[in-house]
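Enquirer: This is the structure I want to talk about, given as structure tokens.
The values are calculated or read from the model by the stated rules, or taken from the named source; none is laboratory data. None of the values given here were measured: they were computed from a predicted structure. Neighbour counts run over all protein chains shown; Cβ positions are idealised from the backbone, glycine included.
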Amino acid sequence: MKKVGGFIRNCVEQYIPAAAFVILFVVFVFQVCMRYVMRAPQAWTTEVEQSCFLWLVMLGACYAQRVKGHVTFTLVYDNLGIKGKAITAMLGNILITFTFLITFLPSLNYIWGLMERQQVTTLLKWPKTVVFFPYVVFLVIILAYALMEIYEEIMVLKGDKKYTEKMLQESKSEAELAIEESLAQEQLDLSHIDYGEGSGK
């Protein structure tokens with residue numbers, strides 16, 4: 001069951017955005033060729049590009065949240081102790097949770113309304129519900145990640161060793177991680193080195 005859940009999550013957060021990017025790129029190149037080489041621009045490509053862009057950005061942002069890849073400014077955060085880090089991070093996640101909770105129902109109602117009114121795109125006649133649905137998925141997934149992080153931060157404040165070590169590892173700078181990775185890869189065997197004993201013989 002865990003493997004199935006992981007596969008579904010990877011499909012939503014990685015495979016679908018990757019497919020959307022490939023389609024977006026191919027259609028973009030096709031449109032450039034048609035416009036400037038064949039002198040016959042295709043209007044439908046704009047709708048494909050816009051739809052793929054929404055799916056790419058909304059679902060890709062979920063993966064970025066999973067791996068903590070969003071841009072952050074940590075000048076103050078980096079100088080705090082572990083409990084200060086936990087409190088600061090928790091305040092940010094509470095703000096995200098509150099914001100997403102109050103926007104979820106209006107967003108869902110809007111998507112549902114598009115379906116009830118059977119609104120479609122101008123040229124390709126795609127249901128607008130399908131085009132804008134990734135936003136609802138984005139809200140749900142980011143909300144779930146924020147709640148999980150709040151739980152972890154509470155555990156850090158309670159002194160849980162597992163989550164404390166996890167937060168310390170995640171709060172390391174890129175330079176620190178690069179140095180640690182470099183040191184881990186260096187497996188120097190010094191036993192065969194001649195340090196000059198008997199060099200004068």
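Enquirer: Tell me, which helices (runs of 4 or more DSSP H) lie completely within region 2-108 with 3 or more residues that are touching a helix residue (DSSP H, G or I) at 6+ places or on another chain (Cβ under 9 Å), surrounded by 14 or more Cβ atoms within 10 Å (Cβ to Cβ) and not hydrophobic (A, V, I, L, M, F, W, C)? Walk me through how you get there before you give the answer.
Expert: Values: elements: 2-10, 16-36, 44-66.
Where helices (runs of 4 or more DSSP H) fall fully within region 2-108 and carry at least 3 residues being touching a helix residue (DSSP H, G or I) at 6+ places or on another chain (Cβ under 9 Å), surrounded by 14 or more Cβ atoms within 10 Å (Cβ to Cβ) and not hydrophobic (A, V, I, L, M, F, W, C), they are 44-66.
Enquirer: Can I ask one more? Would you call GLU149 under 22 Å from HIS70 (Cα atoms), under 18 Å from the mean Cα position of the chain (by Cα) and in a helix (DSSP H, G or I)? Write out each step before concluding.
Expert: Values: under 22 Å from HIS70 (Cα atoms): yes; under 18 Å from the mean Cα position of the chain (by Cα): yes; in a helix (DSSP H, G or I): yes.
Taking the combined requirement at face value, the residue satisfies it.
Enquirer: Just one of the numbered conditions (1) under 20 Å from the mean Cα position of the chain (by Cα); (2) farther than 30 Å from GLU47 by Cβ; (3) modelled with pLDDT of 95 or more is not true of LYS166; which one?
Expert: (3)
Enquirer: Among LYS125, LYS166, which is basic (Lys, Arg), outside the structural domain of PRO17 (by TED's automatic domain parsing) and part of a loop (DSSP other than H, G, I, E, B)? Steps first, please.
Expert: Working: LYS166 fails: part of a loop (DSSP other than H, G, I, E, B).
Checking each option against the conditions leaves just LYS125.
Enquirer: Which pairs have Cβ atoms under 8 Å, sit 6 or more apart or on different chains, and link a residue in region 133-147 that is under 15 Å from ARG9 (Cβ atoms) to one that is among the β-branched types (Val, Ile, Thr)?
Expert: Final answer for the pair search is VAL137/VAL12; ILE141/VAL12; ILE142/ILE96; LEU143/ILE96; LEU143/THR97.
Enquirer: Ok, one more. If you check every pair at least six apart or on different chains, which have Cβ atoms under 8 Å apart with a residue in region 34-60 that is closer than 30 Å to LEU143 by Cα first and a residue that is among the small types (Gly, Ala, Ser) and in a helix (DSSP H, G or I) second?
Expert: If the second residue must be among the small types (Gly, Ala, Ser) and in a helix (DSSP H, G or I), the pairs left are CYS52/ALA20; PHE53/ALA20; TRP55/ALA20; LEU56/ALA20; LEU59/ALA20.
Enquirer: For the structure I just gave you, tell me whether TYR63 is in contact with a Ser or Thr (Cβ under 6 Å, 6 or more places away or on another chain) and closer than 24 Å to GLU170 by Cα. Before you say what the answer is, go through the steps one by one.
Expert: Details: in contact with a Ser or Thr (Cβ under 6 Å, 6 or more places away or on another chain): no; closer than 24 Å to GLU170 by Cα: yes.
Considered against the rule, which asks whether it is in contact with a Ser or Thr (Cβ under 6 Å, 6 or more places away or on another chain) and closer than 24 Å to GLU170 by Cα, TYR63 comes out as no.
Enquirer: Follow-up. Run down TYR145, TYR151 and say which single residue is outside the structural domain of GLU47 (by TED's automatic domain parsing), closer than 21 Å to VAL57 by Cα and at pLDDT 75 or above.
Expert: When all the criteria are applied, what remains is TYR145.
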